[in-house]
Structure formats: C-alpha cells, structure tokens
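To start, the structure under review is shown below, and the notes come after it.
The values are calculated or read from the model by the stated rules, or taken from the named source; none is laboratory data. Computed from a prediction, not measured in an experiment: that's the story for all the values here. Glycine gets a Cβ as well: all are built from the backbone with ideal geometry, and neighbour counts include every protein chain shown. The area values use the complete protein model at the heavy-atom level, side chains included, leaving out ligands, DNA and RNA. Shrake-Rupley method; radii C 1.70, N 1.55, O 1.52, S 1.80 Å.
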Amino acid sequence: MTELNQTDLQTLTTGNKRAWDSFVTAAAPLINAVVRRTLSAFRLGEDDVMDAAQDVFVRLCAQDFRLLKTFDPARAKLSTWLAVVARSCAVDHSRRRRQATQPLDDVPEAALGVEDKHVEKLKIPQGLLTDRQVLILKCLYDEERDVAEVALLLKIDAQTVRSTHHKALLRLRAHFGEEPP
C-alpha cells in the first residue's frame, strides 16, 4: 500500500472522488484481511467481514473525514494505522452482532440448575448433630429453602436458623477434619 503524504491526505479529506476511489482500491485488501482475521475469532461469516470492512470506510469518511484527518505519518505508517482502525471496527461490529442476552436474575433458577448425579450425599454420623441442626440442614440444602422460609416453617427466629446452621457446620468441619476459618 502506498503511503499518503500531507498533500494526498488533504486531497483525500476534501472529498475528491478520484482520490477516494484510489484510496479505497489500495486500502481494501489490507482492511479486508485485518477484518477477516479479527472476525475469525468470533466465528462470524463472510457477510459480516464485508459489512465490517464497509464500516471501516464509513468510519474513515464520517463527520467530514474526522478520523482520517487524525492520521499522522510521523507516528505510524498508513498501513499500520489502517490495521488498527480496521481491527477496532471489526471488534465493534462483532459486539453489535452478539445475540441479545437475558439478565441472569431474570432466568428462573430451575433453568440454571444442573444436578450432578455423581455427587454422593454426605453421610452424617448418628449423634454428631442435634435433631434441630439436622432438620435445618435438610431444609436449607435438601429442600433449598432460604433462611426466612425455614424460620417461618419451624416457627423460630431467622437468627436462630442462621446460628444453628453455623454451629452445625462447625461440628461437621471438626468431625471431617477441616479447620474452621
């Protein structure tokens, strides 16, 4: 690709059609290659490559060639500068193409849960925990209830549920050899 001098850049940024067509012909292979390489990581097709390459040229001439006017031949070669602009446009294009997502909080928990059928339930030795501790652990973990539900169900204070849960975990850690934090 031929380098632009200040005169060529000024001619190009005045909207001269012949200069622009010549620039596009010279720059297109580089821009297409950079965009194609960048978008390959996002697994986007040839239509997206062509659209993103077109976005580069649109961005270069938008707002009276504002971006193109920022090119400084003293700082970088035109090919290097165009590669950076093309990569940036390609990444922006891939971001716009991403599928709309749903906030995780809006997805029902049942849809997110994956039950691992290979997990063995912990066998708690008889007499290690009190009946209340076993009941609270069963409600919290087996039935997946929250503290407020367990408190309401057992007709006790929520803080009692938290405290009993904590004490049960301390006993289990001590029994199975894990030091409490």
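Looking across segment 141-153, the residues that are more than 20 Å from Lys121 (Cβ to Cβ) and open to solvent by less than 50 Å² (accessible area, probe 1.4 Å) come down to Val147, Ala151.
Please work out if Lys138 is under 14 Å from Leu122 (Cβ atoms) and exposed (fewer than 14 other Cβ atoms within 10 Å of the Cβ). Yes, satisfied. Picking from Arg43, Arg36, which residue would you name as being more than 27 Å from Ala74 (Cβ to Cβ), of a type outside the set (A, V, I, L, M, F, W, C) and modelled with pLDDT under 90? None of the others qualify; the one that does is Arg43. Each residue in segment 18-33 was checked for being under 27 Å from the mean Cα position of the chain (by Cα) and either over 18 Å from Leu78 (Cβ atoms) or without any contact (Cβ under 8 Å) to a residue 24 or more places away in the chain (or both), and 2 of them qualify.
Within segment 42-58, the residues that satisfy the criterion of being among the acidic types (Asp, Glu) and over 11 Å from Val85 (Cα atoms) are Glu46, Asp47, Asp48, Asp51.
Contact map, segment 157-169: residues that are hydrophobic (A, V, I, L, M, F, W, C) paired with residues that are not in a helix (DSSP H, G or I), Cβ distance under 7 Å, separation 6+ or inter-chain. Pairs shown: Ala168/Leu129. The numbered conditions (1) open to solvent by less than 70 Å² (accessible area, probe 1.4 Å); (2) modelled with pLDDT under 85 are all true for Ser79 except (2). Going by the structure shown, is Leu122 more than 31 Å from the chain's Cα centre (by Cα) and modelled with pLDDT of 90 or more? Criteria not met by Leu122. Listed by first and then second residue, the pairs with beta-carbon distance under 7 Å, at least 6 apart or on different chains, first residue in segment 57-72 and at positive phi and open to solvent by less than 80 Å² (accessible area, probe 1.4 Å), second in a helix (DSSP H, G or I) and hydroxyl-bearing (Ser, Thr, Tyr), are Phe65/Thr13.
The conditions of being surrounded by 11 or more Cβ atoms within 10 Å (Cβ to Cβ), outside any helix (DSSP H, G or I) and aromatic (Phe, Trp, Tyr) are met by Phe42. The selection criterion, being surrounded by fewer than 18 Cβ atoms within 10 Å (Cβ to Cβ), of a type outside the set (Lys, Arg) and free of Cβ contacts under 8 Å to residues at least 40 places away in the same chain, does not hold for Gly15. Only one of these is out of contact with any Pro (no Cβ under 7 Å at 6 or more places or on another chain) and within 29 Å of Arg97 (Cα to Cα): Thr25, Thr13. Name it. Checking each option against the conditions leaves just Thr25.
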